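The values are calculated or read from the model by the stated rules, or taken from the named source; none is laboratory data. A quick note: this is a predicted structure, and the numbers were derived from the prediction, not measured. Virtual Cβ from ideal backbone geometry, glycine too; neighbours counted across all protein chains shown.
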Amino acid sequence: MRGLPPAPYTCRVIAPQLLVAPSILAADFAHLADEARAVEGAADWLHVDVMDNHFVPNLTIGLPVVRSLLAATVLPLDCHLMIEAPQRWGVGYAEAGAYNVTFHAEAADNPVAIARDLRAAGSRAGLAIDRDTPVEPYLELLQHFDVLLIMTIKAGLGGQRFLPELLEKVRTARQHAASGHLELRIEVDGGIDEQTVAAAAEAGADAFVAGTAVYSAADPAAAVRRLRQLAGDGRQLASDRPSPGGTD
Ligand code: DX5
Ligand code: ZN
């Protein structure tokens with residue numbers, strides 16, 4: 001409305017819902033189907049960390065396990081590929097039925113071409129930015145993506161301490177997405193828990209990966225609901241803040 005300050009992203013009526021994605025990296029790998037079902041009805045996505053022992057030192061799970069999980073849960077799978085050669089391996093996850101396939105900018109020569117292939121194969125496309133990678137060189141590519149995953153730790157291991165300084169990248173990306181009217185999920189991954197989730201939401205994240213905070217809780221579904229509620233508090237804080245330059 002004329003005369004009112006422009007609404008910041010966070011208080012638009014159309015601000016997308018906040019998503020919580022438990023990471024099964026912190027679950028019991030011998031009982032993955034049960035661990036997935038433990039958060040059904042509470043979680044929005046199930047985050048699956050694929051590590052190849054090359055892009056990161058750790059080795060986790062790959063396409064056969066993802067296929068089994070797809071048959072075992074109704075939750076959309078959010079596959080986070082910490083692998084080399086995503087142009088070669090990524091499409092298989094999309095074809096299998098993953099809801100979202102996110103690969104690392106550091107591993108990709110032509111991120112836009114991979115995004116196009118993933119979308120053509122039926123999934124959303126996500127771009128991940130690791131701890132030591134600046135976001136600025138990728139801002140102009142974001143129009144080709146559905147998700148930007150900003151690591152809030154160094155990729156490769158669960159249970160690490162959240163690095164608050166990395167939220168600056170979230171702010172930069174959110175500002176860019178808002179000014180370009182991009183429909184972009186900004187997902188944060190690493191050290192997200194009851195102490196840190198609100199700050200991430202306040203910075204502009206709207207999807208929250210949580211491994212340890214969910215699967216070390218006595219009631220994982222309740223932990224997911226609590227994280228979403230605290231994220232909502234963070235978003236509210238941001239929307240209560242006067243928008244920069246918004247006095248006309
Ligand atoms: C680490 C993974 C994360 C991990 C997060 O590289 O990408 O998804 O599971 O675990 P927590 O929430 O324990 O930091
Ligand atoms: Zn992850």
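Only residues that are assigned to a helix (DSSP H, G or I) and either within 16 Å of ligand 1 (Cβ to nearest atom) or more than 23 Å from LEU81 (Cβ to Cβ) (or both): list them for the range 173-187, please.
ARG174, GLN175, HIS176, ALA178, SER179
Note down all Cβ pairs under 6 Å where the first residue falls in the range 121-150 and is closer than 21 Å to PHE55 by Cβ and in a helix (DSSP H, G or I), the second is modelled with pLDDT of 95 or more and small (Gly, Ala, Ser), and they're at least six residues apart or on different chains.
Final answer for the pair search is TYR138/ALA105.
Consider GLY159 carefully, then state whether it is within 15 Å of ligand 2 (Cβ to nearest atom), modelled with pLDDT of 95 or more, more than 14 Å from the chain's Cα centre (by Cα) and part of a loop (DSSP other than H, G, I, E, B). Spell out how you get there, then give the answer.
Values: within 15 Å of ligand 2 (Cβ to nearest atom): yes; modelled with pLDDT of 95 or more: yes; more than 14 Å from the chain's Cα centre (by Cα): yes; part of a loop (DSSP other than H, G, I, E, B): yes.
So GLY159 fits the description; yes.
Take the residues in the range 205-233 that are outside any helix (DSSP H, G or I) and surrounded by 21 or more Cβ atoms within 10 Å (Cβ to Cβ), then tell me which one is farthest from ligand 1 (Cβ to nearest atom).
Quick first cut of the range 205-233, residues outside any helix (DSSP H, G or I) only: 205-211, 216-219.
After this cut, where a residue has to be surrounded by 21 or more Cβ atoms within 10 Å (Cβ to Cβ) as well, the list is 205-211.
Values: ALA205: 14, ASP206: 17, ALA207: 12, PHE208: 9, VAL209: 5, ALA210: 5, GLY211: 3 Å.
Result: ASP206.
Considering only residues that are in contact with a Ser or Thr (Cβ under 8 Å, 6 or more places away or on another chain) and either farther than 14 Å from THR102 by Cβ or more than 15 Å from ligand 1 (Cβ to nearest atom) (or both), which ones fall in the range 40-51?
Matches in the range 40-51: GLU40 only.
Please specify each residue of the range 190-199 satisfying the condition of being out of contact with any helix residue (DSSP H, G or I) (no Cβ under 8 Å at 6 or more places or on another chain) and surrounded by fewer than 24 Cβ atoms within 10 Å (Cβ to Cβ).
GLN195, the sole residue that qualifies.
Does any residue of the range 188-201 turn out to be away from ligand 1 (no atom under 15 Å from the Cβ) and in contact (Cβ under 8 Å) with a residue 40 or more places away in the chain?
yes
Failed condition for ALA113, given (1) surrounded by 24 or more Cβ atoms within 10 Å (Cβ to Cβ); (2) more than 23 Å from ALA36 (Cα to Cα), with all others met?
(1)
Considering only the range 52-82, state which residues are of a type in the set (A, V, I, L, M), in a loop (DSSP other than H, G, I, E, B) and either within 12 Å of ligand 1 (Cβ to nearest atom) or surrounded by fewer than 21 Cβ atoms within 10 Å (Cβ to Cβ) (or both). It would help to see each step written out before you state the result.
Taking the range 52-82 as the starting set, the residues that turn out to be of a type in the set (A, V, I, L, M) are 56, 59, 61, 63, 65-66, 69-72, 74-75, 77, 81-82.
With the extra rule that they be in a loop (DSSP other than H, G, I, E, B), the set shrinks to 56, 61, 74-75.
Hits for the range 52-82 are VAL56, ILE61, VAL74.
State whether the residues of the range 31-39 include one that is more than 15 Å from ligand 1 (Cβ to nearest atom), assigned to a loop (DSSP other than H, G, I, E, B) and closer than 21 Å to LEU19 by Cα.
yes
Within the group GLU202, GLU168, which residue is surrounded by fewer than 17 Cβ atoms within 10 Å (Cβ to Cβ) and in contact with a helix residue (DSSP H, G or I) (Cβ under 9 Å, 6 or more places away or on another chain)? Quick ask: steps written out before the conclusion?
Details: GLU202 fails: surrounded by fewer than 17 Cβ atoms within 10 Å (Cβ to Cβ).
The unique qualifying residue is GLU168.
I need the full set of residues from the range 27-49 which are over 18 Å from VAL147 (Cβ atoms) and touching an Asp or Glu at 6+ places or on another chain (Cβ under 9 Å), in order please.
Taking the range 27-49 and keeping what is over 18 Å from VAL147 (Cβ atoms), we get 27-42.
Result: ALA27, ASP28, PHE29, ASP34, GLU35, ALA38.
Exactly one of these conditions fails for LEU118: (1) surrounded by 24 or more Cβ atoms within 10 Å (Cβ to Cβ); (2) outside any loop (DSSP other than H, G, I, E, B); (3) within 16 Å of ligand 1 (Cβ to nearest atom). Give me its number.
Answer for LEU118: the failing condition is (3).
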